[in-house]
Amino acid sequence: MTAQRKELRKPIALDLFSGCGGLTLGLKQAGFEVLAAVELDPLAADTYRSNHRDVMLKEADIRAVSPLRLRRELNLQKGELDLLAGCPPCQGFSSLRTRNGSARNRDRRNDLVDQMLRFAKTFEPKTIMMENVPKLIEYGPFKRLCNQLADLGYMVDVQIKDAARYGVPQRRRRLILLAGKGFSVPFAREARRARTVRSAIGDLREPGESKDPLHDLPEKTRNEKVQKLIRDIPKDGGSRNDLPDSRQLPCHRKSNGFRDIYGRMAWDSVSPTITGGCFNPSKGRFLHPVRDRAITMREAALLQTFPKRYRFSPAAGKEAIALMIGNALPPEFIRRQGIAVLRSLRSLEVG
């Protein structure tokens with residue numbers, strides 16, 4: 001580690017599975033310097049670079065990245081890294097993908113949890129943060145990770161948190177692991193009040209008038225029957241279920257499941273979980289509270305707590321952008337957890 005970095009004493013972090021940069025942004029906002037990140041997807045890596053030019057990005061399969069070579073590139077000794085953070089791809093552990101647990105999951109991405117341990121052994125960071133879907137807590141690879149981190153001297157705590165309780169205007173239940181080498185790391189305190197959909201997107205101009213290419217991406221053309229259905233759904237939190245049976249689409253009459261589809265968000269509540277299907281009202285409660293359209297990609301990003309200036313290339317197309325945004329970690333949730341980690345590190349220095 002350089003003498004200048006020691007003098008500044010800014011905590012340093014590594015972001016594994018960085019995606020488009022939500023974790024890195026939250027850590028920076030908390031006060032960390034993110035030295036390096038690893039991401040395989042070219043579009044996510046491109047988006048990450050355009051927003052985090054100061055971070056060394058390894059665009060590669062993490063299984064092919066040598067943690068020892070990376071540690072040497074960063075000029076770090078064992079134990080000098082303050083925080084190792086990451087969110088292994090969660091699709092392999094989602095309840096929908098596993099038919100709510102009724103089918104055995106053989107997704108090969110599940111072994112990516114092991115990479116957290118591989119990097120932890122090489123860097124021996126002071127603290128570790130990992131975030132994922134709640135379902136992960138039931139899987140062997142995650143239980144093995146917790147046990148082996150404990151064997152390495154880490155005090156591991158795992159909890160399931162709702163991001164809506166931490167300043168994110170969105171319901172989003174996530175598993176979060178915090179670990180300290182020889183000391184416990186507390187979780188962030190909950191916010192005193194929830195942020196709302198109105199506070200996040202209420203001041204935006206209508207798409208097509210905003211001069212924000214992400215906000216102005218055009219909607220898919222829908223047939224008149226679907227357009228009329230959308231127009232008739234009550235404003236500010238209404239649902240297709242508020243309409244008579246005769247107004248339901250034929251596909252909806254056949255199933256009682258997925259009752260949130262073609263639902264509107266409510267201004268003074270939090271939004272539903274923003275997913276990769278957030279551009280499509282047939283995928284969930286993704287209609288604007290009062291406009292007869294789905295939320296835009298800028299609105300989706302704001303509900304994830306990305307700032308208005310965060311860059312996503314419109315050339316990638318709406319579906320690809322929605323997937324990046326839906327897979328991202330809400331920066332505000334990470335910022336708050338990062339501050340809690342930072343306090344633990346400072347307490348350690350004082351002690």
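Any read-out appearing in this document is the output of simple, stated calculations on the displayed coordinates, not a laboratory observation. Every value quoted in this text rests on a predicted model; they were computed, and no experiment measured them. Every residue, glycine among them, receives a Cβ derived from its backbone with ideal geometry; neighbour counts consider all protein chains shown.
Laid out as a table, the results:
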| read-out | value |
| --- | --- |
| Alpha-carbon radius of gyration plus Dmax, which is the widest Cα pair, for the stretch 197-327 in Å | 14.4, 44 |
| Shape call, the stretch 281-350: gyration tensor on alpha carbons, a/c limit 1.5 | prolate |
| Relative packing of peptides 26-32, 52-58, 195-201 - highest average C-beta neighbours within 10 Å first | 26-32, 195-201, 52-58 |
| Full-stretch length increase - residue 114, residue 309 - with 0.36 nm per residue and alpha-carbon distance subtracted | 66.7 nm |
| Excluding exposed DSSP-loop GluC sites (Glu not before Pro) (at most 16 other C-beta within 10 Å), longest clean stretch of the chain | 1-189 |
| Karplus 3J(HN,Hα) series, Hz, for the stretch 215-221 with 6.51 cos²θ - 1.76 cosθ + 1.60 (x for Gly, Pro) | 6, 8, 4, x, 7, 5, 6 |
| Fluctuation leader among 315, 150, 266 - the chain, Gaussian network, Cα springs under 10 angstrom | 315 |
| Inter-site label distance for residue 10 and residue 292 at 7 Å from Cα along Cβ, in nm | 5.1 nm |
| Binned Cα-Cα distances of the chain, short to long, each 10 Å bin given as a whole percent | 5, 24, 32, 23, 11, 4, 1, 0 |
| Residue 77-residue 225 FRET efficiency (beta carbon distance; Förster radius 56 Å; 0.05 resolution) | 0.30 |
